[in-house]
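What follows is calculated from the coordinates using simple rules that are stated; it is not laboratory data. Keep in mind that what you see is a predicted model, and the values were worked out from it rather than measured. No Cβ is skipped: glycine too gets one built from the backbone with ideal geometry, and neighbour counts run over all protein chains shown.
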Amino acid sequence: MFYRCVRPWLFQLDAEQAHERALSWVERAARNDILRETCAALWQVRDARLAQELFCVRFPNPVGLAAGFDKNGVGVGLWPALGFGFVEIGTVTPRPQPGNEPPRLFRLPDERALINRMGFNNDGALRVAARVPPPPHGIPIGVNLGKQKTTPLENAADDYLTGLKVFDGRADFFVINVSSPNTPGLRQLQQADQLDALLGRIRAAAPAVPLLLKVAPDLTTEQLSDIVALVRQHRLNGIVATNTTIQHSRAQEGGLSGAPLRDRATECVRQLYRLSGGAIPIIGVGGIFRATDAWEKICAGASLVEVYTGLVYEGPGLAAAINRGLLRQLEAGGFTHLREAVGCRA
Ligand SMILES: Cc1cc2nc3c(=O)[nH]c(=O)nc-3n(C[C@H](O)[C@H](O)[C@H](O)COP(=O)(O)O)c2cc1C
């Protein structure tokens, strides 16, 4: 209701300006006890049927904030109060970088979609890490790591290793991002030979931390199959599927997210689940606007889900609405716990 009044005003602003405005509210609310507690009273959903432990991390519910929304970790104090079960901050690169020239974020309201070509604008690992309190955190905090635009592809591993080092002891898990379309060449790191070398170096340097890999929705079954094999070989703990798609014919250049991505992302989740025999935890992301969208991802094989574009269109009550809807889905399907539904229609 509240967001229905605020959204027309926000949508009059340029999309990136609106995002900055929303984040500055989040940042202020994170520091205000009364606002935080009010949000928590409205939106926190606590129910044992939604809680899971995956790769030794406890998730109070399966709905997370996707990478890119809070690139710099300014809202880590507020996301739990909005009902999220975890958050992925970043993408963070070793040093601060400005990203691409604006305008670089566009709304497609008729399609409930966004196009972005942000290019990893962020404050750099040191400044972002300083905003992340030491564990234990209210909800798990994942850090999405990327490479600096100017780092040659053959040295990309060094950038991920720097990220791991700077956030050592601060993050509950890490996501190795090799799938953003807006850093030239980055997605080539998804090719089997390059990925093998990259994951080998990263795992050797960080043998014990939970590491996930974030993949693009534009991969063939064969490529997904190679990825599953490498994830297993290098003992990664999970896969985030998916990033934005570049297979679209919209006027703006960049990655497409939101409703048009939904089915493609769900199909990737399903394929990854099948290819791994359900043995690798999957975070399903792409086009989730309501509980039924999240339920589809879970039934296809996702243990957790994330939202970005849905939050822009639906507002701050989205995580709570999804969690409540998931509880209804569990009851309707006769499930006693969310984990029983994971992959039930894969
Ligand atoms: C403006 C914008 C910026 C994004 N930045 C990042 C990023 O820095 N790193 C990343 O891994 N994904 C990034 N993403 C991708 C999202 O995390 C997510 O994978 C994608 O948008 C699909 O989910 P959605 O349909 O719920 O938005 C970004 C998406 C948008 C719309």
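Which stretch or stretches of region 236-260 have amide N atoms under 20 Å from the point lying 7 Å from GLU267's Cα along the Cα→Cβ direction? Within reach of a label on GLU267, which here means backbone N under 20 Å from a point 7 Å along Cα→Cβ, region 236-260 contributes 240-250, 255-260.
Note on the chain: Cα-only Rg and Dmax are 18.4, 52 Å. Taking amide H atoms as placed 1.01 Å from N in the peptide plane, the amide H of VAL175 lies under 5 Å from those of VAL143, ASN144, LEU145, LEU212, each 5 or more residues away in sequence or on another chain. Cut-off is 10 Å between beta-carbons; in what order do PHE174, PHE55 appear when sorted fewest neighbours first? Final ranking by Cβ density, sparse to dense: PHE55, PHE174.
Summed over all non-identical Cα pairs, the Kirkwood treatment of region 235-276 gives a radius of 11.6 Å. Karplus-based coupling profile of region 59-64, in residue order and whole Hz: 9, x, 8, x, 9, x, with θ = phi - 60° in 6.51 cos²θ - 1.76 cosθ + 1.60 and x standing for Gly or Pro. Candidate cross-link partners of LYS147 among the aspartates and glutamates, defined by an alpha-carbon separation under 14 Å and a same-chain spacing of 8 or more, comprise ASP123, ASP158, ASP159. Between ASP14 and ARG345, the simple label model (points 7 Å from Cα in the Cβ direction) yields a spacing of 4.2 nm. Taking a ≥ b ≥ c as the square roots of the eigenvalues of the Cα gyration tensor, region 51-114 is oblate, since a/c reaches 1.5 or more and a/b is not larger than b/c. Length gained on full extension, CYS5 to ASN32: 7.5 nm, using 0.36 nm per residue less the C-alpha separation.
If you average the alpha carbon positions of region 138-173 and of region 184-210, how far apart do those two centres end up, in angstrom? Each part's Cα centre sits 12 Å from the other's.
What the phi angles of region 255-271 give under the Karplus curve with 6.51, -1.76 and 1.60, with θ = phi - 60°, is a coupling list of x, 9, 9, x, 3, x, 8, 4, 5, 5, 5, 4, 4, 4, 4, 4, 5 Hz, glycine and proline written as x. For region 299-316, the Karplus equation 6.51 cos²θ - 1.76 cosθ + 1.60, evaluated at θ = phi - 60°, returns couplings of 5, 6, x, 7, 7, 9, 10, 9, 10, 10, 4, x, 5, 5, 8, 9, x, x Hz by residue, with Gly and Pro reported as x. Its Cα gyration tensor gives region 154-295 an equivalent ellipsoid, and the semi-axes of that ellipsoid, as √(5λ) in whole Å with the largest first, are 24, 18, 15.
Would you mind pulling out the separation of the Cα centroids of region 269-346 and region 45-93, in Å? After rounding, the separation between the Cα centres reads 14 Å.
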